[in-house]
Amino acid sequence: MKDCQLTIPSVIYSGQGTSGKVAEIIQREQAKSVLLFTGKDIRKNGLTKTVEEICQQVNLRVVDDLAAEPSVADVERTIQAAGGKVDLIIAIGGGSVMDAAKLASIIIGADYTLQDLLQDSSRAVKQMKTVMIPTTCGTGSEATCNAIVAIPELETKKGIVSDCMIPDYVLLDVDMIARLPAPILAATAVDALAHVVECYTSKKATVLSDTYALMGAQKIFHNIRKAYKNPEDLEAKLELMVGAFYGGVAITGSGTTAVHALSYPLGGKYHIPHGVSNAILFAHVMAFNKRGCAERLARLCDVVYPKQAGTSVDERADYIIADIANVVQETQIPVSLEKFGVKHEEIDFLVESGSQQTRLLVNNCLELSKADIRSLYEKLF
Ligand SMILES: [Zn+2]
């Protein structure tokens, strides 16, 4: 038994049209000024309409020009342009938008910079409360204490971690993903699935993170194929959103492992979307990890697929690994690295860069040597 702690957002709404709850939040916080982080496409698709209308009663500033997969410089520029402190920060978007809003909430008005936090995130202090409204069902950023930024000079990504970034309000509104293109839904939901499975098998897993990881796994395994095949199935989509949120909570309490670690160089250098690079690695890494976490995979199987009870630990672990591969296949996520322009001769870079992701590799149930990492990347060609 080990002592553990978990910080989660204070108020969570889930359902259809819940982004309208921003009106109550503004009142509750007595906010007179709001900074809205979002994206131009998200605005064009009308997803910010309700919130922008509600915010007519306050002083509203909108930031919608953050670069995709933003670098440290991009985030610094955006935060600089956002101006001074406000009463409330709202984010409507995917992981990058929410991460930038979370960083803004600890940087605007503070006496340290983003660069300082990259060196030492323990300096962070929350400056403003945040409201997160995700428009995908994957990153879990609406729950986590992490913000990921690209480091172009090192061709990789880095996470800044601080409990001060845990959002205050989360609005899971299925209307936000009702028209999400199927390939994006698939990739982001597989990312969420990786969060729960990795967190459950992580060395840092605790009794608190386990609950969220298991419940998240149950929701995502049972709904990802349904939501992909039938875009009208809003119930399945809301289950995915809640599952992804649970995945975010699990990340805060535990931590992702080798799937995410080895995925970062693929995103950092070749710009493979985060969910896709995780999907490419997911089943291979779990198959490698099996001898270190077979018990855990079997217990996960007991919760998600109770009908498998009675089979051996080995069989139940294999069942989950095979189901992960099946999810990736049925949601038609492209798994060929060559399609993304990654050539076999670049494997040395991948091994070197992947092995430097020590923040996450230390969580992996098995230690990975450089030879292990090489053999995992070899499987992708
Ligand atoms: Zn992820």
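The values are calculated or read from the model by the stated rules, or taken from the named source; none is laboratory data. As the structure is a computational prediction, the values presented were derived from the model and not from experiment. Positions of Cβ are backbone-derived with ideal geometry, glycine not excepted, and every protein chain shown enters the neighbour counts.
Structure summary
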| item | result |
| --- | --- |
| Filtered residues of the stretch 289-314 (kept if of a type outside the set (A, V, I, L, M) and at pLDDT below 95) | G310 |
| All positions within the stretch 172-193 that are in a strand (DSSP E or B) and within 16 Å of G95 (Cβ to Cβ) | L172 |
| Looking only at the stretch 162-196, and only at residues there that are away from the ligand (no atom under 11 Å from the Cβ) and of a type in the set (D, E), the one that is surrounded by the most Cβ atoms within 10 Å (Cβ to Cβ) | D173 |
| Checklist (1) modelled with pLDDT of 95 or more; (2) more than 15 Å from the chain's Cα centre (by Cα); (3) within 16 Å of the ligand (Cβ to nearest atom) applied to P265, failing item | (1) |
| Residues of the stretch 148-178 classified as within 25 Å of I224 (Cα to Cα) and under 15 Å from the mean Cα position of the chain (by Cα), total | 3 |
| Test result for F282, within 15 Å of the ligand (Cβ to nearest atom), among the aromatic types (F, W, Y), closer than 30 Å to D348 by Cβ and at pLDDT 95 or above | yes |
| Test: residue in the stretch 348-369 that is buried (at least 16 other Cβ atoms within 10 Å of the Cβ), in contact with a Leu (Cβ under 7 Å, 6 or more places away or on another chain) and closer than 21 Å to A294 by Cβ | yes |
| Options A258, A317; residue that is buried (at least 24 other Cβ atoms within 10 Å of the Cβ) and within 19 Å of the chain's Cα centre (by Cα) | A258 |
| Test result for G248, modelled with pLDDT of 95 or more, within 11 Å of the ligand (Cβ to nearest atom) and either surrounded by fewer than 24 Cβ atoms within 10 Å (Cβ to Cβ) or under 20 Å from A143 (Cβ atoms) (or both) | yes |
| Residue match in the stretch 115-125 (condition: away from the ligand (no atom under 16 Å from the Cβ), on the phi < 0 side of the Ramachandran plot, assigned by TED's automatic domain parsing to the domain that holds N230 and not hydrophobic (A, V, I, L, M, F, W, C)) | no |
| Any hit, the stretch 197-213, residues being part of a helix (DSSP H, G or I), in contact (Cβ under 8 Å) with a residue 40 or more places away in the chain, surrounded by 24 or more Cβ atoms within 10 Å (Cβ to Cβ) and touching a Phe, Trp or Tyr at 6+ places or on another chain (Cβ under 7 Å) | yes |
| Residue in the stretch 62-77 that is farther than 24 Å from N146 by Cβ, surrounded by 15 or more Cβ atoms within 10 Å (Cβ to Cβ) and among the β-branched types (V, I, T) present | yes |
| Elements of type helices (runs of 4 or more DSSP H) contained in the stretch 254-372, each with 3 or more residues being free of Cβ contacts under 8 Å to residues at least 40 places away in the same chain | 274-304, 313-330, 347-355 |
| Answer residue from the stretch 126-148, given it is within 12 Å of the ligand (Cβ to nearest atom) and either among the β-branched types (V, I, T) or without any contact (Cβ under 8 Å) to a residue 24 or more places away in the chain (or both) and is surrounded by the fewest Cβ atoms within 10 Å (Cβ to Cβ) among those | I148 |
| Residue ID - nearest to S375 (Cα to Cα), chosen from residues in the stretch 268-312 that are polar (S, T, N, Q) and crowded, with 21+ Cβ neighbours inside 10 Å | N289 |
